[in-house]
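Structure first, then comments.
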Amino acid sequence: MSVKLPRSLGARLLAAFLVVAAVALGTVGIAVLLVGPGRFADAMGHLPGDPMGDAMATSTMAAFRSALLDALLAATFTAVVAAGVVSLAVAARIARPVVSLARATRRIAHGHYGERVPTDEPGELGELAESFNEMAGSLEATEQRRVRLVGDVAHELRTPLTTLDGYLEGLEDGVISPSPETWRLLRTETARLTRLVADLSELWRAEARQLPLRLGPVDLAEVAGQVAQRFGPQTQARGIRIEISSGAAPALADRDRVAQVLSNYLSNAIRHAPDGSTIDVGTSTNGHLVQVSVRDEGPGLDADQLEAVFERFYRVDPARSRVEGGAGIGLAIVRALASAMGGRAWADSAGPGRGATFFLELPAA
């Protein structure tokens, strides 16, 4: 026959405290009943062989046992009542934050991601509450990013889809002639959609840590030199110089992903750099970390833009067309790739009109 335990945590704690108290009282009672009479007889100093002393000892021992039993019963009753009151208070005190945590968990399960619990409890309960709040904050941030991403994607897809729909309707009605320029424009819009979907897919995979990475020793200066050569025609046409430091900077990273990050940095720098300016690419080592930086002489960034440039679909110049300036996903992919490789990416600027520097920091090889 199995004993059915109470379901609530408070009732279980109370039952556990009472069982411990009962075992402790039973142990004390048995010990007193076994040891007490012998110790009492020794304390009375009774000499064996004395009939009068034996009779007095027997009656005295009986009275002692009766008084001892009464005292134990009274002490047991008092201890049980006191233990019950204290156990009830302690059990309620311990169970209260756990019950609050369970209620908050149920509310988060129903979509209320702003739920938080107090963290003023000492010890493990306080750590559990802090961990719960961190988890809730992460879920809330993820949900906000999801909602914002849906809105941003809908906004980005609306323009090319509207253009395609308008031209296809014009072709169908005969208003627009199927000229090479028309087909070229339609192909341009479909290419924008394809590029946007590819960028979003890569961003999602990078943020979810689902991109395959081949980590190994990578010389950041060498990769920077190879990437800079790809932009040779663009820089020569505008008189822009790319200067790269020659110091070796071995990092533990994925070579292709590092090249992707630096390509994004250099592409942005060339886009914003004035003609005839210089773009400096430098590397440095700081303990177990290696950095590569790309500094341009462009319009620079203010304090609010330093973090905003790494957000999805953010562009410093909103007037720049999506075809010319991209969809604003490149730096978001950069930050996700840096995090996936165990590093970080950030920007720095002395202010508007004073250029900007973009950094990539990775573990040293």
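Taken together, the values in this text are just the output of simple stated rules run on the coordinates, not laboratory data. Not measured: the values here are computed from a predicted model. FYI the Cβ positions are ideal-geometry reconstructions off the backbone, even for glycines, and counts take in every protein chain you see.
Annotations for the structure displayed:
- Furthest towards positive pole of dipole, Q234, A253, A221, structure part the range 201-253, Cβ charges: Q234
- Rg in Å to one decimal, and Dmax rounded to a whole Å, for the range 216-284 via C-alpha atoms: 12.1, 37
- Dipole magnitude of the range 179-334 about its Cα centre (Cβ charges: Lys, Arg +1; Asp, Glu -1), debye to nearest 20: 560 debye
- Modelled spin-label separation between A308 and D70, with each label point placed 7 Å from Cα along the Cα-to-Cβ direction: 8.7 nm.
- Expected-Rg normalisation [2.2 N^0.38 Å, Cα atoms] applied to the range 215-363: 0.98
- Computed across the range 123-207, the Kirkwood radius stands at 16.3 Å (inverse of mean 1/r, all Cα pairs).
- Per residue convex hull volume, Cα atoms of the range 72-216, in Å³: 196 Å³
- Across the range 95-110, computed HN-Hα scalar couplings (Karplus, 6.51 cos²θ - 1.76 cosθ + 1.60, θ = phi - 60°) run 6, 4, x, 5, 5, 4, 5, 5, 5, 5, 4, 5, 5, 5, 4, 8 Hz from first to last residue, x flagging Gly and Pro.
- For the range 78-208, relative contact order (Cα pairs under 8 Å, six or more residues apart, normalised by length) works out to 14 percent.
- The range 193-259: trypsin sites (Lys or Arg not before Pro) falling in loop per DSSP and having at most 16 other Cβ within 10 Å: R209, R214
- Using C-alpha pairs under 8 Å with a sequence gap of at least 6, the mean separation divided by the residue count of the range 223-365 gives a relative contact order of 27 percent.
- Couplings 3J(HN,Hα) of the range 340-349, computed from phi: 5, 8, x, x, 8, 10, 7, 10, 9, 7 Hz, in residue order, whole Hz [Karplus 6.51 cos²θ - 1.76 cosθ + 1.60, θ = phi - 60°; x for Gly and Pro].
- Scaled against 2.2 N^0.38 Å for its residue count N, the alpha carbon radius of gyration of the range 246-287 is 1.38.
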